[in-house]
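Take a look at the structure below.
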């Protein structure tokens, strides 16, 4: 049930594979609608960073489950969208390292990690007016979200975008990135717990030949249509 003052807001779930532009698009949509942006991928990255610091292997499910229960992860508005705090430490930049990127899909496959973070994500969305992006938001975390988007793009396009972002700071080839993104797709789609799937009632947006602004504008328009339908 919506709380007072929330009847003019909906929840928007944006799912899709790695590198589809979900975070950037979700941030822009939230800004334009004056909603709260929640980057669930950043939460999984924070767990990954903490596990790596503790020397816990991603496949050590028992140790990872125990460790995850000790973590305090908070999201707050930041200079570039969202700041991520791990046990009080600002880890916003640290969680974007290549080491974290390569391991996060393995950590995200842990049942306890998904359960803990999923519960937190649902709490954040209770008051409505949330734009949440991830892999299983529309299918699992917020199955009742009024608007569900499945944002995708070709592997080649996603690799190209990522390459432009990190080429200046990291030594990696475009071919390597394509292989890594394809492998992340495979891991995300094949994991047993909440795999990456397109929810039945989601609207598919292929952003391969669209700009970020075009995708964001499309979602904002869809959200306003949904809101009008709900009234």
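A straight chain from residue 170 to residue 189 at 0.36 nm per residue would run longer than the Cα-Cα distance by 4.2 nm. Each peptide in 178-186, 38-46 receives the mean, over its residues, of other Cβ atoms within 10 Å, and ordering these scores from highest gives 38-46, 178-186.
Classify region 152-231 as rounded, prolate or oblate from the Cα gyration tensor: take a ≥ b ≥ c as the square roots of its eigenvalues, call it rounded if a/c is under 1.5, otherwise prolate when a/b beats b/c and oblate if not. It is oblate, given that a/c is not under 1.5 and a/b is not larger than b/c.
Rounded if a/c is under 1.5, else prolate if a/b beats b/c, else oblate: with a ≥ b ≥ c from the C-alpha gyration tensor eigenvalues square-rooted, which is the chain? Kindly include the intermediate steps, with their values, before the conclusion.
Numbers: a/c = 1.64, a/b = 1.23, b/c = 1.34.
Here the chain falls in the oblate category.
For the chain, modelled as a GNM whose springs connect Cα atoms under 10 angstrom apart, the maximal fluctuation among 111, 79, 189 occurs at 79.
Okay, which of region 163-195 sit inside 20 Å, backbone N to the point 7 Å along the Cα-Cβ direction of residue 79? Backbone N within reach: 165-170.
Ordering of 119-128, 165-174 by packing is 119-128, 165-174, highest average first (other Cβ atoms within 10 Å, averaged per residue).
Grab the Cα-Cα distance for residue 200 and residue 54, subtract it from 0.36 nm times how many residues apart they are, and report the gain in nm with one decimal.
On the way: separation 146, 0.36 × 146 = 52.56 nm, distance 3.89 nm.
Length gained between residue 200 and residue 54: 48.7 nm.
Restricting to the chain, what percent of DSSP beta bridges are antiparallel, rounded to 5?
Numbers: 8 of 25 bridges.
Within the chain, antiparallel bridges account for around 30 percent of the total.
Approximating the spin labels as points 7 Å out from Cα along Cα→Cβ, the residue 98-to-residue 65 distance works out to 3.4 nm. For region 1-85, the calculated P(r), taken from all Cα-Cα distances in 10 Å bins from zero up to the bin holding the longest distance, is 14, 36, 32, 15, 3 percent.
Let me make sure I get this right: for region 88-157, a, b and c are the square roots of the gyration tensor eigenvalues over alpha carbons, sorted descending. Under 1.5 in a/c it's rounded, otherwise prolate if a/b > b/c, else oblate. Which is it?
Details: a/c = 1.68, a/b = 1.23, b/c = 1.36.
Since a/c reaches 1.5 but b/c is at least a/b, the shape of region 88-157 is classed as oblate.
Estimated from the Cβ-Cβ distance and a Förster radius of 30 angstrom, the FRET efficiency linking residue 90 and residue 112 is about 0.75. Treating r as the C-beta distance of residue 123 and residue 209 and R0 as 30 Å, the FRET efficiency rounds to 0.20.
Which length gain, in nm to one decimal place, applies between residue 156 and residue 24 when the Cα-Cα distance is subtracted from 0.36 nm times their residue separation? Please report the intermediate quantities before stating the final value.
Values: separation 132, 0.36 × 132 = 47.52 nm, distance 1.84 nm.
Net length gain for the segment: 45.7 nm.
Computed over the chain with a Gaussian network model linking Cα atoms closer than 10 Å, the most mobile of 28, 200, 221 is 200.
Each reported figure results from applying straightforward, stated rules to the coordinates on display, with no laboratory input. Nothing here was measured: the structure is a model prediction, and the numbers come from that model. Here the Cβ is made from the backbone with ideal geometry for all residues, glycine too, and neighbour counts use every protein chain on show.
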